[in-house]
Amino acid sequence: MAQAAAAQAGLEAAVVAASSKAGDTVADRTDNVISTRNLVRTYEVGEHLVKALRGVNLDVARGEFLSVTGPSGSGKSTFMHIVGCLAKPTSGQYFLDGEDVSQMSKNELAAVRNTKIGFVFQGFNLLSRTSALDNVELPLLYGGSTLKTADRHRRAKDMLAAVGLADRASHHPNQLSGGQQQRVAIARALVNEPSIILADEPTGNLDTRTSIEVMGLFQRLNMERGITVVLITHEHDIAEYGTRIVAFRDGLVVTDRPVTRRRAAADELAALPVEAEAV
Ligand SMILES: Nc1ncnc2c1ncn2[C@@H]1O[C@H](COP(=O)(O)OP(=O)(O)OP(=O)(O)O)[C@@H](O)[C@H]1O
Ligand SMILES: [Mg+2]
């Protein structure tokens with residue numbers, strides 16, 4: 001219990017840090033943090049052209065928690081890669097914080113990505129021979145951060161504490177449970193104080209309870225600090241932790257609806273029987 005409270009307090013500190021930067025851009029920009037217009041992405045495979053996105057128009061307001069669903073191959077990850085500035089559209093426009101990033105060079109995209117976006121993936125994508133702490137610190141090294149070494153360490157430690165893993169800093173990924181690995185990945189996503197978190201099937205490898213815990217972390221970051229969350233999931237019950245659900249099919253958005261009864265992970269966790277060992 002004391003540990004849970006400490007983790008809770010740590011998260012508060014971390015989300016304050018993460019949100020102070022997110023808040024800076026609110027006043028003088030559009031309310032839509034993500035805005036796409038006729039977004040098209042085609043892949044060339046041999047002689048074939050695969051149309052992964054066929055003209056996606058989507059606006060995501062700052063502070064929304066958007067769940068993206070749709071069958072396998074419908075274009076969800078392709079969309080996330082473009083929104084996350086990991087890839088460019090074949091045509092169409094993408095405005096991030098009101099700025100057209102669809103024509104930016106690779107280096108410009110990398111700079112935008114490092115300052116605004118945190119990623120969380122199904123497979124955690126942690127470096128296996130590196131401690132939890134070093135994994136979390138990595139984006140600070142890549143991101144051209146001006147922090148001194150000691151400050152980088154402190155920031156990474158704070159983020160690990162924020163996700164309840166202060167006591168696992170020196171563990172390598174194979175010495176952590178799946179839920180713990182995903183929490184390290186979330187700490188890593190937060191370390192650059194992003195205004196958007198993009199998560200692609202983050203609970204795909206987790207059991208039910210651990211999934212709820214991870215969704216609880218996302219909900220707190222979203223509700224308490226206004227970080228915009230875009231979550232890709234196949235699971236309809238997971239999608240309902242969000243505020244809005246869009247469904248992709250064949251490279252297009254086919255449905256778009258608000259969540260009328262949003263699930264609350266914290267309440268659900270409180271109602272679950274206590275387990276001997278946390279995740
Ligand atoms: N690098 C690539 N090269 C060629 N085709 C690709 C590439 N990445 C994706 N595709 C194709 O683009 C389409 C959309 O793929 P995408 O990965 O976006 O789907 P998805 O909705 O994320 O599916 P899943 O739920 O299985 O993760 C698919 O038909 C896929 O085969
Ligand atoms: Mg995918």
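Any residue in the stretch 231-241 that is in contact (Cβ under 8 Å) with a residue 40 or more places away in the chain, more than 30 Å from ARG41 (Cα to Cα) and either surrounded by fewer than 19 Cβ atoms within 10 Å (Cβ to Cβ) or not aliphatic (A, V, I, L, M) (or both)? No. Of all residues in the stretch 128-156, those that are over 25 Å from SER177 (Cα atoms) and without any contact (Cβ under 8 Å) to a residue 12 or more places away in the chain have Cβ atoms under 8 Å from Cβ atoms of residues that are of a type in the set (A, V, I, L, M) and part of a helix (DSSP H, G or I), 6 or more apart or on another chain, in LEU147/LEU140.
Only residues that are part of a strand (DSSP E or B) and either more than 20 Å from ALA61 (Cα to Cα) or within 15 Å of ligand 2 (Cβ to nearest atom) (or both) were counted across the stretch 228-255, and they come to 7.
Can you go through GLU240, GLU213, GLU224, GLU193 and tell me which one is out of contact with any Phe, Trp or Tyr (no Cβ under 7 Å at 6 or more places or on another chain) and modelled with pLDDT of 95 or more? Going through GLU240, GLU213, GLU224, GLU193 in turn, just one is out of contact with any Phe, Trp or Tyr (no Cβ under 7 Å at 6 or more places or on another chain) and modelled with pLDDT of 95 or more: GLU240. Which of the following residues is outside any helix (DSSP H, G or I) and touching a Leu at 6+ places or on another chain (Cβ under 9 Å): PRO71, PRO89? Matching residue, one of PRO71, PRO89: PRO89.
Suppose the filter is without any contact (Cβ under 8 Å) to a residue 12 or more places away in the chain and either under 16 Å from the mean Cα position of the chain (by Cα) or not in a strand (DSSP E or B) (or both); does ASP267 pass it? Considered against the rule, which asks whether it is without any contact (Cβ under 8 Å) to a residue 12 or more places away in the chain and either under 16 Å from the mean Cα position of the chain (by Cα) or not in a strand (DSSP E or B) (or both), ASP267 comes out as yes. Any residue in the stretch 166-177 that is in contact with a Phe, Trp or Tyr (Cβ under 8 Å, 6 or more places away or on another chain), free of Cβ contacts under 8 Å to residues at least 60 places away in the same chain and farther than 20 Å from ARG220 by Cβ? Yes, the stretch 166-177 contains a residue that is in contact with a Phe, Trp or Tyr (Cβ under 8 Å, 6 or more places away or on another chain), free of Cβ contacts under 8 Å to residues at least 60 places away in the same chain and farther than 20 Å from ARG220 by Cβ. Quick check: is even one residue across the stretch 195-216 in a helix (DSSP H, G or I), in contact (Cβ under 8 Å) with a residue 24 or more places away in the chain and among the hydroxyl-bearing types (Ser, Thr, Tyr)? Yes, some residue in the stretch 195-216 is in a helix (DSSP H, G or I), in contact (Cβ under 8 Å) with a residue 24 or more places away in the chain and among the hydroxyl-bearing types (Ser, Thr, Tyr).
SER91 meets all of the listed conditions (1) over 18 Å from ALA239 (Cα atoms); (2) within 14 Å of ligand 1 (Cβ to nearest atom); (3) surrounded by fewer than 18 Cβ atoms within 10 Å (Cβ to Cβ) but one, namely (2).
Looking only at the stretch 57-88, residues that are farther than 22 Å from TYR241 by Cα, more than 15 Å from ligand 2 (Cβ to nearest atom) and buried (at least 22 other Cβ atoms within 10 Å of the Cβ) come to 1 in all. The number of residues in the stretch 181-205 that are more than 19 Å from LYS116 (Cα to Cα) and either basic (Lys, Arg) or surrounded by fewer than 23 Cβ atoms within 10 Å (Cβ to Cβ) (or both) comes to 4. Being under 18 Å from ASN114 (Cβ atoms), among the hydrophobic types (A, V, I, L, M, F, W, C) and at pLDDT 90 or above, is that true of even one residue in the stretch 143-166? Checked against the condition, which is being under 18 Å from ASN114 (Cβ atoms), among the hydrophobic types (A, V, I, L, M, F, W, C) and at pLDDT 90 or above, the stretch 143-166 yields at least one hit.
The residues of the stretch 81-101 that are closer than 22 Å to GLU201 by Cβ, of a type in the set (A, V, I, L, M) and touching a Phe, Trp or Tyr at 6+ places or on another chain (Cβ under 9 Å), listed by number, are ILE82, VAL83, LEU86. Scanning the stretch 112-133 for residues that are over 23 Å from THR210 (Cβ atoms) and under 19 Å from the mean Cα position of the chain (by Cα) yields VAL112, ARG113, ASN114, THR115, LYS116, ILE117. Using the structure shown, decide if GLN103 is modelled with pLDDT under 90, over 27 Å from PHE218 (Cα atoms) and not hydrophobic (A, V, I, L, M, F, W, C). When the stated conditions are applied, GLN103 passes them.
The values are calculated or read from the model by the stated rules, or taken from the named source; none is laboratory data. All values reported here derive from a predicted model rather than from experimental measurement. So basically every Cβ, Gly included, is an ideal-geometry build from the backbone, and we count neighbours across all protein chains shown.
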